[in-house]
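For reference, the structure discussed in these notes is given below.
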Amino acid sequence: MKVFRRQYSLKELLIFKKSLVKLLLNPKKIINFIMVQVSRVFKLKKCLGLPFNVLIEPIAECNYQCIKCEKFSDVYRNDGPKGGIKAMNILLYRKIIDEIGDTLISLRLWNQGEPLMNGAIFEMIKYAKKKDVVVAVSSNLALLTQDRAKSIVQSGLDYLIVSFDGATRQSYKFHHGIDCFKRVLDNIRMIVDFKKKTNSFLPLIELQFIVMKENEKDINKMAEIAKELHLDKLTFLRLDTTYINFNKFKNISSKKDLLPDNRNYRLDMGKINALKRCRIAWEETLIRYSGLVLPCATDLGQKHKLGRVSENGKYLGFKKLWNNHNYQKFRQEAGSKADICHNCAKRDNNIKDQIIFNK
């Protein structure tokens with residue numbers, strides 16, 4: 001079964017059992033899910049339900065300089081305020097959850113920044129959990145403290161993804177642009193230890209390792225590290241080079257410097273582009289920190305602006321945007337005609353673009 005586009009066994013899903021039971025007993029969420037699936041199957045321009053998977057961007061700032069980061073692409077655009085930190089206001093966040101939380105199944109709190117840089121991140125998690133939403137956060141985890149480790153567990157967070165692209169200090173620094181290898185390992189241990197002390201199964205902790213030329217030799221070592229840390233999951237992902245800025249980094253100049261020699265660890269873009277379907281236009285949406293709504297995280301250049309949930313401090317709402325003219329037009333084009341769908345490794349939830357190691 002897929003959760004947040006990751007493959008999970010039934011045993012692993014039982015970690016979420018409390019959250020899943022609440023979802024199954026919530027008629028609003030179940031009915032909405034069915035209505036969205038009907039809309040998707042029949043490719044209706046006007047979706048009969050609201051998106052049940054939502055990506056909200058807590059912040060567009062980051063403390064890392066990762067080679068793979070799409071934010072460094074020449075295509076990337078940011079429409080937010082020019083001055084100050086690019087973070088979502090907690091008041092705006094609450095209004096969004098108040099409006100769509102009753103039908104929401106899963107919430108991903110990340111996009112183009114490090115979520116822990118938003119001081120209200122734990123409040124955001126707790127607020128969504130009040131609506132029985134399964135919440136996930138993806139972090140480099142470098143900014144963790146002992147108090148924050150406790151807050152991660154106490155917040156009710158269901159799923160924590162840790163981006164970790166090197167099994168050695170040198171490899172880690174090469175890919176992330178910062179020497180935090182030992183610190184992040186220690187921070188993971190803090191969370192695991194606190195989970196044990198409180199007899200908590202949550203959050204499920206997944207170490208995410210993108211396989212590249214420099215680190216493909218470290219795959220076995222990465223598995224050993226995951227076992228030593230007593231993690232729930234280690235996922236090896238294939239690298240998408242579409243938006244990498246090769247002019248920014250001195251240690252790489254072309255795809256050859258990054259793509260692994262083993263072709264089993266490379267994306268097959270031919271197969272991806274052969275697919276003419278996509279679930280995202282019906283099931284998901286992206287709300288940036290500024291309140292701008294986009295149809296998909298692939299829209300780095302913000303070509304498909306669908307409107308704003310907030311403007312000049314006034315909350316305008318999401319529901320009126322969900323089936324507006326621009327969104328209906330995008331659903332007609334999703335998967336084949338839409339420009340952002342070309343070379344999109346997120347094309348379909350069923351693409352086998354990952355290699356999974358289970359404990």
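Is it the case that some residue within region 120-127 is closer than 23 Å to Leu321 by Cα and not aromatic (Phe, Trp, Tyr)?
Yes, some residue in region 120-127 is closer than 23 Å to Leu321 by Cα and not aromatic (Phe, Trp, Tyr).
Can you name the number of the only condition in (1) closer than 22 Å to Gly119 by Cβ; (2) out of contact with any strand residue (DSSP E or B) (no Cβ under 7 Å at 6 or more places or on another chain); (3) in contact (Cβ under 8 Å) with a residue 40 or more places away in the chain that Val162 fails?
(2)
If a residue has to be in contact with a helix residue (DSSP H, G or I) (Cβ under 6 Å, 6 or more places away or on another chain) and over 25 Å from Phe209 (Cβ atoms) to count, how many in region 110-122 make the cut? Lay out the reasoning, then the answer.
To start, the set of residues in region 110-122 that are in contact with a helix residue (DSSP H, G or I) (Cβ under 6 Å, 6 or more places away or on another chain) comprises 112, 115, 120-122.
When the remaining residues are screened for being over 25 Å from Phe209 (Cβ atoms), the result is 120, 122.
Looking only at that region, the number is 2.
Got a sec? Which helices (runs of 4 or more DSSP H) wholly within region 113-178 have at least 1 residues that are open to solvent by 40 Å² or more (accessible area, probe 1.4 Å) and of a type in the set (A, V, I, L, M, F, W, C)?
Values: elements: 121-129, 146-154, 169-176.
Passing ranges, in order: 169-176.
Within region 206-222, count every residue that is in contact with a His (Cβ under 9 Å, 6 or more places away or on another chain) and either farther than 12 Å from Pro260 by Cα or assigned to a strand (DSSP E or B) (or both). Please lay out each step first, then the result.
First, pick out the residues of region 206-222 that are in contact with a His (Cβ under 9 Å, 6 or more places away or on another chain): 210, 212, 214-215.
Filter again for either farther than 12 Å from Pro260 by Cα or assigned to a strand (DSSP E or B) (or both), leaving 210.
Counting residues in region 206-222 that are in contact with a His (Cβ under 9 Å, 6 or more places away or on another chain) and either farther than 12 Å from Pro260 by Cα or assigned to a strand (DSSP E or B) (or both) gives 1.
May I ask you to verify whether Ile205 is surrounded by 20 or more Cβ atoms within 10 Å (Cβ to Cβ), β-branched (Val, Ile, Thr) and either closer than 27 Å to Ser151 by Cβ or over 24 Å from the mean Cα position of the chain (by Cα) (or both)?
Yes, satisfied.
Do any helices (runs of 4 or more DSSP H) lying entirely in region 223-327 carry at least 3 residues that are surrounded by fewer than 20 Cβ atoms within 10 Å (Cβ to Cβ), and which ones are they? So that I can check it myself, show each step before the final result.
Working: elements: 269-274, 280-283, 319-322.
Helices (runs of 4 or more DSSP H) meeting the threshold: 269-274, 319-322.
Considering only region 82-93, I want to know if a residue exists there that is touching a residue at least 24 places away in the same chain (Cβ under 8 Å), β-branched (Val, Ile, Thr) and either touching a Leu at 6+ places or on another chain (Cβ under 6 Å) or assigned to a loop (DSSP other than H, G, I, E, B) (or both).
Yes: region 82-93 contains one or more residues that are touching a residue at least 24 places away in the same chain (Cβ under 8 Å), β-branched (Val, Ile, Thr) and either touching a Leu at 6+ places or on another chain (Cβ under 6 Å) or assigned to a loop (DSSP other than H, G, I, E, B) (or both).
Between Leu50, Leu55, which is of a type in the set (A, V, I, L, M), modelled with pLDDT of 95 or more, in a loop (DSSP other than H, G, I, E, B) and under 18 Å from Lys319 (Cα atoms)?
Numbers: Leu55 fails: in a loop (DSSP other than H, G, I, E, B).
Just a single option satisfies the conditions, and that option is Leu50.
Scan region 94-112 residue by residue and report those that are buried (at least 20 other Cβ atoms within 10 Å of the Cβ), outside any loop (DSSP other than H, G, I, E, B) and in contact (Cβ under 8 Å) with a residue 60 or more places away in the chain.
Ile96, Ile100, Thr103, Ser106, Arg108
The values are calculated or read from the model by the stated rules, or taken from the named source; none is laboratory data. The structure presented is a predicted model; accordingly, all values stated were derived computationally and were not measured. Cβ sites come from the backbone with ideal geometry, for glycine too, and all protein chains shown count toward neighbours. For the accessible areas, the whole protein counts, side chains as well, though only heavy atoms, and no ligand, DNA or RNA atoms are used. Shrake-Rupley method; radii C 1.70, N 1.55, O 1.52, S 1.80 Å.
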